[in-house]
Amino acid sequence: MTDLHPLTAAETERDTELRALAEQAGRDLEDASALEIVQWAVDTFGARFCVTSSMEDAVVAHLASRARPGVDVVFLDTGYHFPETIGTRDAVAAVMDVNVVTLTPRQSVAEQDAAYGPRLHDRNPDLCCALRKVRPLTEGLAGYDAWATGLRRDESPTRAGTPVVGWDEKRRKVKIAPIARWTQDDVDAYVAGHGVLTNPLLMDGYASVGCAPCTRRVAAGEDARAGRWAGLAKTECGLHA
Ligand code: SF4
């Protein structure tokens, strides 16, 4: 999907160094606090480090802004978000000491509908995610060496092995999950303790917030991501798998 070119010798050498750095940090920081993990990323990568946020909440953005005020917070505007998600993005930009960077797909929803037919998300969600999420994020991260996410091991079985620092082979970046070891209770405590912005849909039965056509409320006892692509075998959009 994304245009690839053969790696130069210098790029291969850089990747080898960054991968080794990431794998060593993953071991060294396994028991570190989320703030210590983010601080390591800021100290190591400076302006070439960013946070990505789905605007479900601003927990990792808040942590990163404590370590580096004005840190870049990258938001992927797929064109299919709930209005509450766009509102959360705007509120984060207005009140937090971060620089929100909004990425958009190459095609608008209307252009995609014209090219592929309407409701591609129902007929081929993997292609829709590739066009509207994976490619724009890969392109948007080109100027960074490292990115942080809000992935947590307790969200779903597919995320149970998430390292706190690892190597993102798909994008050739260091990938940081500062709250990988946190539980939902830890997130709730941080939100309450620091007055962190959260998406209002979390108070309306949604446990995980993605694109509107592919997200439903969850029932008691379901895992947090059960409301994403419900009824399909799909569990990840391709950003993290
Ligand atoms: Fe398309 Fe759904 Fe993926 Fe959003 S989550 S990009 S609407 S398939």
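The values are calculated or read from the model by the stated rules, or taken from the named source; none is laboratory data. Small disclaimer: the values here were computed from a predicted structure and weren't measured. Note: ideal-geometry Cβ built from the backbone for every residue, glycine included; neighbour counts use all protein chains shown.
Figures for the structure shown
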| read-out | value |
| --- | --- |
| Any hit, the range 136-146, residues being within 12 Å of the ligand (Cβ to nearest atom), closer than 27 Å to residue 14 by Cβ and part of a helix (DSSP H, G or I) | yes |
| Some residue of the range 23-42 being within 16 Å of the ligand (Cβ to nearest atom) and either under 16 Å from residue 150 (Cα atoms) or at pLDDT 95 or above (or both) | no |
| Among residues of the range 92-108, those that are of a type outside the set (Gly, Ala, Ser) and not in a loop (DSSP other than H, G, I, E, B), counted | 8 |
| The range 63-87, residues that are assigned to a loop (DSSP other than H, G, I, E, B), out of contact with any His (no Cβ under 8 Å at 6 or more places or on another chain) and surrounded by fewer than 20 Cβ atoms within 10 Å (Cβ to Cβ) | 69, 70, 77, 79, 82 |
| Counted residues, the range 31-55 - those being over 18 Å from residue 181 (Cβ atoms) and assigned to a loop (DSSP other than H, G, I, E, B) | 3 |
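Per-residue answers, yes or no, for (1) modelled with pLDDT under 95; (2) within 16 Å of residue 54 (Cα to Cα); (3) under 21 Å from the mean Cα position of the chain (by Cα); (4) within 16 Å of the ligand (Cβ to nearest atom):
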position: 187; (1), (2), (3), (4): no, yes, yes, no
position: 190; (1), (2), (3), (4): no, no, yes, no
position: 193; (1), (2), (3), (4): no, no, no, no
position: 197; (1), (2), (3), (4): no, yes, yes, no
position: 200; (1), (2), (3), (4): no, yes, yes, no
position: 207; (1), (2), (3), (4): yes, yes, yes, yes
position: 215; (1), (2), (3), (4): yes, yes, yes, yes
position: 223; (1), (2), (3), (4): yes, no, yes, no
position: 226; (1), (2), (3), (4): yes, no, yes, yes
